[in-house]
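One structure is given below, encoded as structure tokens.
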Amino acid sequence: MAEYDNRVRSVGATGAVAIDEGLRAYMLRVYNYMLMGLALTGATAWIALNTPLGALFFAQTATGFSLSPLGWIALFAPLGLVFFLSFRIQSMSFATAQMVFWIYAGINGIALAPIVFIYTAASIAQVFFVTAAMFGAMSLWGYTTKRDLTSMGSFLFMGLIGIIIASVVNIFLGSGTMSLVISIIGVIVFTGLTAYDTQKIKESYEVVSHDGQLAGKGAIMGALSPYLDFINLFLMLLRLLGDRR
């Protein structure tokens with residue numbers, strides 16, 4: 001009987017180790033996609049601002065930037081690609097999902113280039129490292145905490161909807177105070193969403209782990225959430241801490 005119990009414990013321990021190793025590999029895959037997506041976004045933003053290719057999308061004016069037809073497409077295309085990837089991921093092949101993600105990350109850099117240009121290079125670098133530190137800390141907490149963050153995620157999603165509505169309203173109002181409040185709330189919301197999304201990515205591993213194609217597409221969709229959290233947290237902090245040119 002004792003020998004049987006030892007065998008059961010051994011099998012259970014081996015299974016737990018296998019799941020733990022598989023989960024670590026899956027999370028590493030997700031964050032590798034995310035980091036490569038951020039790198040691609042940064043590269044295309046730099047190209048748009050520092051090479052003649054940028055003239056295809058926008059032109060600098062005395063008051064900011066004017067967008068060409070291609071610039072307007074680049075501005076709204078990332079949103080369309082996010083919805084396309086979210087709703088069609090199940091019917092896509094892994095290769096197609098990966099290609100859409102890279103296209104999205106690249107075009108997003110072009111869309112963000114005029115915003116980033118407003119700030120000095122030094123302040124962009126400083127805010128980037130602050131964002132990375134906050135993102136890393138909250139992602140680690142989301143991965144390790146035993147607390148269920150579902151209720152917090154629902155509350156933060158409501159906050160996100162509020163930010164979107166307030167941002168649209170402020171386009172017409174042009175209120176500096178409202179912009180400041182939106183940025184402060186945005187930092188809180190996207191910091192919390194970083195932990196929430198990390199936990200959800202971790203929980204999704206059990207669903208996709210049995211199928212290679214499913215795991216690959218799950219990693220792509222998993223990378224999209226922290227990518228968006230990082231980009232939006234960076235932009236909110238840049239508005240609060242960045243030095244304008």
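The values are calculated or read from the model by the stated rules, or taken from the named source; none is laboratory data. Here the structure is a predicted model, which is why all the values come from computation and not from measurement. As a convention, Cβ positions derive from the backbone with ideal geometry for all residues, glycine included, and neighbour counts pool all protein chains shown.
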Exercise. In segment 172-182, is there at least one residue being surrounded by 13 or more Cβ atoms within 10 Å (Cβ to Cβ) and aromatic (Phe, Trp, Tyr)?
Worked result: no
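Conditions tested, residue by residue: (1) small (Gly, Ala, Ser); (2) at pLDDT 90 or above; (3) touching a Pro at 6+ places or on another chain (Cβ under 9 Å); (4) farther than 26 Å from Gly71 by Cβ.
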{"position": "Ala121", "(1), (2), (3), (4)": "yes, no, no, no"}
{"position": "Phe128", "(1), (2), (3), (4)": "no, yes, no, no"}
{"position": "Thr144", "(1), (2), (3), (4)": "no, yes, no, yes"}
{"position": "Ile161", "(1), (2), (3), (4)": "no, yes, no, yes"}
{"position": "Asn170", "(1), (2), (3), (4)": "no, no, no, no"}
{"position": "Ile184", "(1), (2), (3), (4)": "no, yes, no, yes"}
Exercise. Has segment 192-202 got any residue that is of a type in the set (Ser, Thr, Tyr), more than 27 Å from Ala95 (Cα to Cα) and modelled with pLDDT under 90?
Worked result: no
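State all residues of segment 193-245 that are of a type in the set (Phe, Trp, Tyr) and either more than 14 Å from the chain's Cα centre (by Cα) or farther than 17 Å from Val100 by Cβ (or both); if no residue qualifies, say none. Lay out the reasoning, then the answer.
Here is the first cut: in segment 193-245, the residues of a type in the set (Phe, Trp, Tyr) are 196, 205, 227, 230, 234.
Within segment 193-245, Tyr196, Tyr205, Phe230, Phe234 qualify.
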Seminar exercise, completed: In the set Ala223, Ala215, Ala219, Ala195, the lone residue that is touching a residue at least 12 places away in the same chain (Cβ under 8 Å), of a type in the set (A, V, I, L, M, F, W, C), farther than 21 Å from Ala105 by Cα and in a helix (DSSP H, G or I) is Ala195
Exercise. Out of (1) touching a helix residue (DSSP H, G or I) at 6+ places or on another chain (Cβ under 6 Å); (2) at pLDDT below 90; (3) over 30 Å from Ile188 (Cα atoms), what's the single condition that is false for Leu85?
Worked result: (3)
For this session: Enumerate the pairs (first residue in segment 132-152 and within 18 Å of Leu23 (Cα to Cα); second residue anywhere and outside any helix (DSSP H, G or I)) with beta-carbon separation below 9 Å, excluding pairs fewer than 6 apart on the same chain, so at least 6 apart or on different chains.
Result: Gly142/Leu149
Problem set entry | Number of the exception - Ile185 against (1) β-branched (Val, Ile, Thr); (2) over 28 Å from Ala39 (Cβ atoms); (3) in contact with an Asp or Glu (Cβ under 6 Å, 6 or more places away or on another chain) | (3)
